[in-house]
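Nothing in this text is a laboratory measurement; each read-out follows from the coordinates by a stated rule. As the structure is a computational prediction, the values presented were derived from the model and not from experiment. Cβ: placed from backbone, ideal geometry, glycine included. Neighbour counts: every protein chain shown.
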Amino acid sequence: MEKQARIYVAGHRGMVGSAITRKLHAEGYENILTRTSSELDLRNQAAVANFFAEERPDYVFLAAAKVGGIMANNTYRAEFLYDNLLIESNIIHSAYETGVKKLLFLGSSCIYPKLAPQPLKEEYLLSGYLESTNEPYAIAKITGIKLCEAYRSQYGCNFISAMPTNLYGPNDNYDLQGSHVLPALIRKFHEAKINDQPTVEVWGTGSPRREFLHADDLADACFHLMEHYNDELFVNIGTGEDVTIRELAELVKETVGYEGELRWNTEKPDGTPRKLMDVSRLHSMGWKHSTELRDGIERTYQDFLANEVLYVE
Ligand code: GDP
C-alpha cells in the first residue's frame with residue numbers, strides 16, 4: 001500500500017478495527033478513513049454506496065461486524081445473520097463498484113464444521129455441519145468469503161479473506177452476557193477479587209479447547225496479508241496453540257490475583273469442543289505471532305484496569 005493511499009477501516013472502534021488502525025498509524029499511514037456506526041449505518045445499502053462514491057478508498061479492511069460470545073450468538077440469531085450479511089454485501093459490492101484496489105475481509109474460525117479434524121485446515125470449509133450456537137454468524141462469514149471469491153472470479157477484484165481464531169485485547173467487549181470467554185473471565189475474577197467473593201462462576205465443563213490471539217498480532221498479520229497476499233483461498237490467522245477453558249481460567253485467575261474458587265455452571269453451553277487453527281500457510285508466508293498467551297493476558301488486564309470505567313459502563 002502506498003503511503004498516501006486512502007484506506008478505509010470499517011469497524012474502527014471495535015477490537016479488531018482499532019488494532020488495525022493503530023498498526024496503520026504506526027506504519028506511517030495518514031489517510032485513514034473511518035465512520036462510526038451512527039455516522040454510517042453499514043446495513044444501509046444506499047448510505048454505504050454514497051460513502052464509497054464520495055470517499056473513494058483505495059484499500060479496505062472489512063473489520064465491521066455484529067459479534068459476540070456464545071450466548072449472544074445463540075440468542076440474537078436473526079441479528080447475527082441479517083446484520084452481518086448486509087454489512088459485508090454492501091461493503092464488498094461498493095468496493096467493486098468504485099474500483100477499490102484491494103479489500104481484506106475478516107471472518108472467524110467458527111466457519112469450520114463442528115467436528116472437523118484438528119487442526120483446522122482452510123480446505124475443511126463446507127465439509128460438514130456447523131456448531132449450532134453460532135451457525136447464523138458462521139453462515140454470514142462463509143458468505144463473506146464466497147462474496148470475495150465470486151467478485152474475484154467474475155470481476156477480477158483483488159478481494160482476500162482472513163479467518164482469525166478467538167481474539168482478545170484493547171477495546172474488547174466486557175459485557176458479561178454478550179462477551180467472549182477471555183474478557184468475561186478478566187472482569188469476573190477482577191470484580192470477585194475487589195468484592196472478596198469466595199467463588200466465580202465459569203460456564204460449561206471447562207473441557208473445550210480454544211486458541212487465543214492478541215488483537216495487535218492479528219492487525220500485524222492483516223497488514224502482512226494486505227502487503228503480500230493476493231490469492232483466492234482465505235488464510236487462517238492464529239497461533240497454532242490452544243488451551244482448555246479450565247487452563248485459561250486458571251491463567252486469568254493467577255494474572256488477576258484472585259484467590260477464591262471456580263464454580264463450573266454446566267447449564268451453560270460448551271459450544272464446539274475444539275477449534276485449533278492450522279496456521280502452516282500463514283507461517284509459510286513468513287508471519288508468526290509475537291505475543292504469548294500469558295503475556296497477552298497480563299497486558300490485557302492492565303488495559304482493563306486503565307479503561308475499566310469505559311469498558312463496564
Ligand atoms: P465460542 O468460542 O464461540 O464458544 O465463544 P466463547 O468465547 O463465548 O466461549 C468459549 C468457551 O468458554 C465456551 O465453552 C464457554 O462455555 C466457556 N466459558 C466459560 N466461562 C465463560 C464466560 O463467562 N463467558 C463466556 N462467553 N464463555 C465462557
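A compact table of results
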| quantity | calculated |
| --- | --- |
| Low-density loop cleavage sites - chymotrypsin sites (Phe, Trp or Tyr not before Pro) in region 97-160, where at most 12 other Cβ are within 10 Å (DSSP) | Tyr129 |
| Rg [Å, one decimal], Dmax [Å, integer] - region 159-313, C-alpha atoms | 16.5, 53 |
| Length-normalised contact order for region 159-268 - Cα pairs under 8 Å, 6+ apart - percent | 45 percent |
| GluC sites (Glu not before Pro) within region 189-286: DSSP coil, no more than 15 neighbouring Cβ in 10 Å | Glu232, Glu259, Glu267 |
| Pairs beyond 31 Å (Cα-Cα), from Lys23/Lys193; Lys121/Lys268; Lys102/Lys268; Lys3/Lys121 | Lys23/Lys193; Lys102/Lys268; Lys3/Lys121 |
| Sparse-neighbourhood loop sites, GluC sites (Glu not before Pro) in region 56-165 - DSSP loop, at most 15 other Cβ within 10 angstrom | none |
| Alpha carbon centroid spacing (whole Å) that separates region 1-23 from region 186-259 | 22 Å |
| In degrees, nearest ten, helix 245-256 long axis to first principal axis of the chain (Cα) | 80 degrees |
| Antiparallel DSSP beta bridges within the chain, as percent of all bridges there, nearest 5 | 5 percent |
| Rounded tilt (10° steps) of 215-228 against the dominant C-alpha axis of the chain | 20 degrees |
| Region 152-297 - share of DSSP beta bridges that are antiparallel (%, nearest 5) | 15 percent |
| Mean ellipticity per residue at 222 nm, deg cm²/dmol - from DSSP H runs of n ≥ 4 across the chain, formula -39500 (n - 2.57) | -14000 deg cm²/dmol |
| Computed over the chain: relative contact order in percent, which uses C-alpha pairs under 8 Å that are six or more apart | 20 percent |
